[in-house]
Structure formats: structure tokens, C-alpha cells
Amino acid sequence: MDLCVIGTGYVGLVTGTVFADLGNNVICADKDAEKISMLNAGKMPIYEPGLEEMVERNAAEGRLSFATDIASAVRSSEVVFIAVGTPTRSNGNADLTAVSAVAEIIAHNLSESKVIVNKSTVPVGTGDRVREIIEARRPDKRVEFHVVSNPEFLREGSAINDTLYPDRIVIGASKQEAAMRLVELYAPLERPMIITDVYSAEMIKYSSNAFLATKISFINSIANLCELTNADITQVAKGMGYDKRIGSDFLNAGLGYGGSCFGKDTAALVSTARNLGYDFKLLKNVIEINSEQPKRFVNKMEDVLGSLDGKTIAILGLAFKPNTDDLRDAKSLDIIGRVLAVGGNVKAYDPIAMENTRKVFPLINYCSNAYEAVAGADAMALVTEWNEFKFLDLVRVKESLKQPIIFDGRNIYDPERMRRMGFDYFSVGRPPVTQITMALGGLQTQEQAAI
Ligand code: UGA
């Protein structure tokens, strides 16, 4: 099939590349000339495991190309995917400027019948808006077109795998013939497909992200409660997760969710609800709980270390999650900002996100590895759970730190091991480990917890 994907962000680039890999002819088009020339030179504008090899192979075999000429990409395609950004406006609404602009280009270049597929995350009703724009502006009113909603559920860091093996494929269409084009396109993946109306497909995307965000804020609230009791959140989550109705995924307590999607999509859903006269109280609380987690983490450091003024904190992990260099809504930014604001110093290390962080915090001390970061620091703070941090030589970490204190925002270490190794260890929702019984105002020691 001849396809084009407009927008070469995470969703557009990965989707286009995977469709090419399935044997289709794909043009990935973007108005950003710099991005397109990078891609034509074989360089990826984003870090995503496995993407570069897949792009290289499909480009070499002539199925995948990159262009800035969106109009001509539209004209030569039977199916046109819209995969442009929908950032949040200051009032929480999704900004649909890019989607509308692309719809106009499609309208002007609708030379023959096409299926227009919306892959961008858009509020319910956007399919209508795209249809109206194209209907009003297409030069020949006899040329047919269909607008389909086909939301994307891929995650950064595992985007290729998620696109090849999605849990489900959602196709929202008002005409069966349009839905069938997409069924045909996705058939080689052999995954469950659900065909709905356009409105429901648009709603499925937001509801899924909002539900996952709710799961995270829920478990973080339970973790905060565990800290006031003798309970251990990892055991609580495990015990809950075995119930099939609950499921064990997205029950990892920590610093809260970040990234380009959950924050934006929860805000947009609250705003859609408000515009429709519904007060989405639950989701508003989910957002608030999430924004409080980094503050609680820094407060915990202050409880243990006293004032952070003049103290040095080694921050391990800057990206919003492992396997990406993406810093959007990363908890590291919030935490570093808070430490600096009270006069603390930061030594930071991340395997790939340091260049991006430097743009936000040019003056903190960037280190070439985790050991350099902890050297001479008053405490280590684990913010992103990269695999390499799970396997750190903790004996070396202990020797390098000024004092053996670790704050673990992602619960990656075993508290019992930390106790044996002589650390004071503070994680999220688990009893703290301290070598001597300390008065920790609100925090209980391991010894107290054992009583
Ligand atoms: C998320 C969804 O998982 C995808 O299905 C969706 O397609 C995507 O948004 C999108 O709308 O484009 P992503 O933002 O890449 O994907 O990242 P996730 O792996 O879902 O993680 C989001 C955040 O939640 C991370 O900050 C992660 O650390 C946090 N998280 C996740 C937790 O704090 N606890 C958990 O148990 C799971």
C-alpha cells in the first residue's frame, strides 16, 4: 500500500518505519527541514532502541523515504496518517493547530479518494473537525475521503516492539470500507483489532492514559500511607497485582509519572470534561498527587540531612524514564530545581539525557559516570531506574560518598541488602533503613518497623 505519515515525532517516525518494514511504500513527511535532512543522512532525531537499524534497512530497500513536501506526499498516498503534536495550551486544552494545518494541506491535495487516519492524540470530536476542514476546502467535491481515528499506544523506549506487538489495535471509523483499509494494513501483525465509531476511538486513547496515570497516583498514595505504617508498598503492590482484575502493571510506586503523554493527556481530558460541563474530580486529584511526589522526596532528604544549603546531592538518572533521552516532565528537573532553590549543589549523571538537561540547568556539575557523581556527595538520590544503576558496585558507592546515605525514588534496591551493607536507605513507601536509631520525625526506622 502507498502511505504517508505526516509528522516525524516518536509516533510518526516509528509508525511509518514499521509500516515500511511490513512491506508498504511509506513517505514520512515533516515541515521541519532539519529533521528531514538528519533522517535522510541516516541520523535519528530521537533515541529509540532498534529504530536506526530499521530505518536504514527500509530506506536502503526503497520502501521508506523522508520529505518536507507534505503536499506531494499526500497526493501520492492512498492512506494518509496524521501524527503531529498536540501540546497543552495554558488552559489545559489540547492545541490542535498542527492537526488543523495538516488537514488543510490534505484538503488542497485531495486529488483522488483517500483514507485520512488520525494517529495524534486528540480530544473527542477532532475527527469531525478534520472532516469539516477537508470537506470545505477540497477542490473537487466529488472526490471521496474518510476520516478514521487510529490512536497509538506505543511507549518511548520500547516503541518498535509496542508497534509490532500492540495489545490491541483501535480503529474508529464511520464507514466500514474505511475501517477495512486499516484492517488490511494491520492484518500482518495478527493482533486483536477493535472497530468502533470515531468518537469512541478518540476517547479510548485518553481514557487509557488517564487510567494508567490513575493507577500510578493510586499506588503512590498507598505508598505515602505505607510510610506512616509498618507496611511495605512493594509487597502491597505484589499482593494486589495477583488479582487479575487489578493486574500487576503500573503499580510501581515512586516519584510519579512524567513524559510527554500522561501529564498532557490528563490535563486535556480534565479540560475536555470542563468544556462539556463535567467536573472530573478524580483525574484532577490524580494530577495533584503526581505533582506532589518529587516535593515529598526532597522533603525526605531534608528530614534526614537537615537543611540542604551547602550540601551536595548526587542525582542518578535524569530522563523521565529509562531507555530514553526525553526530559519532558522529568521528575529530575523538579528535584534538581528544588535542591538548588534551597542552596544545595547537584552532581548529576545519566547515560544519555545529560545533553538535554544541560539546556535547562547549564551550571550543575555533570559527571561521566555514577561513581564520579557520588564521589564526595552528602547523599545519592536515585531518580531514574536505568539498568546500570541496578548493578552498581555499592561497596564503591559507599566508599565514595561522604556519608553512606541513599534516597531511592524508584525502589530499585533491596532494603535488607542495604542494611547489611551499612547504608542509611530511604525509598518510597517502604520502611527506612538506618544504621543507628534516629529520630526521623514521621519516618520509622527499620528497627521500629520490625517491632
Ligand atoms: C505512555 C503510555 O504507556 C503509552 O501506552 C502511550 O502510547 C503513550 O504514553 C502516549 O500517549 O504516547 P510513555 O509516556 O512512553 O507511554 O511512558 P510509560 O512507560 O507509560 O511511563 C510513563 C511514566 O509513568 C514514566 O515516568 C514512568 O516512570 C511512570 N511509571 C510507570 C510509574 O511511575 N510507575 C509505574 O508503575 C509505571
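Please give the FRET efficiency for N285 paired with L212, using the beta carbon to beta carbon distance and R0 = 25 Å, rounded to the nearest 0.05.
On the way: r = 15 Å, r/R0 = 0.62.
The value I calculate is 0.95.
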Could you calculate the FRET efficiency of Y199 with D249 from 1/(1 + (r/R0)^6), where r is the beta carbon distance between them and R0 is 30 Å, rounded to 0.05? 0.65
When the Cα atoms of the range 240-371 are enclosed in a convex hull and the volume is divided per residue, what value in Å³ results? 154 Å³
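Test of understanding: what is the full-extension gain from K141 to N275, defined as 0.36 nm times their sequence separation minus their Cα-Cα distance? Write out the running numbers ahead of the final one.
Values: separation 134, 0.36 × 134 = 48.24 nm, distance 3.29 nm.
Gain in length upon complete extension: 44.9 nm.
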E177 paired with E302, simple spin-label distance in nm, labels 7 Å along Cα-to-beta-carbon: 6.5 nm
Spin-label point model (7 Å from Cα, Cβ direction): what's the N369 to D167 distance in nm? 3.9 nm
Loop-exposed GluC sites (Glu not before Pro) per DSSP, neighbour cap 16 Cβ within 10 angstrom, longest uninterrupted part of the chain: 191-451
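Any chance you could run the full-extension gain for R358 through K238? It's 0.36 nm times the residue separation minus the Cα-Cα distance, nm to one decimal.
39.4 nm
Among DSSP beta bridges whose residues both lie in the range 80-159, state the antiparallel percentage, nearest 5.
Values: 1 of 9 bridges.
About 10 percent, rounded to the nearest 5.
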Where a Cα-Cα gap under 25 Å defines reach, which lysines qualify for K295, not counting those fewer than 8 residues away within the same chain? K215, K264, K281, K284, K311, K321, K331, K347, K359, K390, K402
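Taking trypsin sites (Lys or Arg not before Pro) that fall in a DSSP loop and have at most 10 other Cβ atoms within 10 Å as cut points, what is the longest piece of the chain between them?
The answer is 246-451.
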Kirkwood Rh and Cα Rg combined as Rg/Rh, the range 204-246: 1.06
How high is the relative contact order of the chain, given as a whole-number percent (alpha carbon pairs under 8 Å, six or more residues apart)? 11 percent
Whole percent per 10 Å bin, from 0 to the bin with the longest distance: what is P(r) over all C-alpha pairs of the range 138-261? 11, 30, 29, 18, 8, 3, 1, 0
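Rounded to the nearest angstrom and ordered from largest down, what semi-axes does the equivalent ellipsoid of the chain get from its C-alpha gyration tensor (root of 5λ)?
Details: eigenvalues 408, 112, 72 Å².
Gyration-tensor ellipsoid for the chain: 45, 24, 19 Å.
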Simple spin-label model, 7 Å along Cα-to-Cβ: D309 to R328 in nm? 3.9 nm
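Coordinate-derived values only; no laboratory data. Source: prediction; values computed, not measured. So basically every Cβ, Gly included, is an ideal-geometry build from the backbone, and we count neighbours across all protein chains shown.
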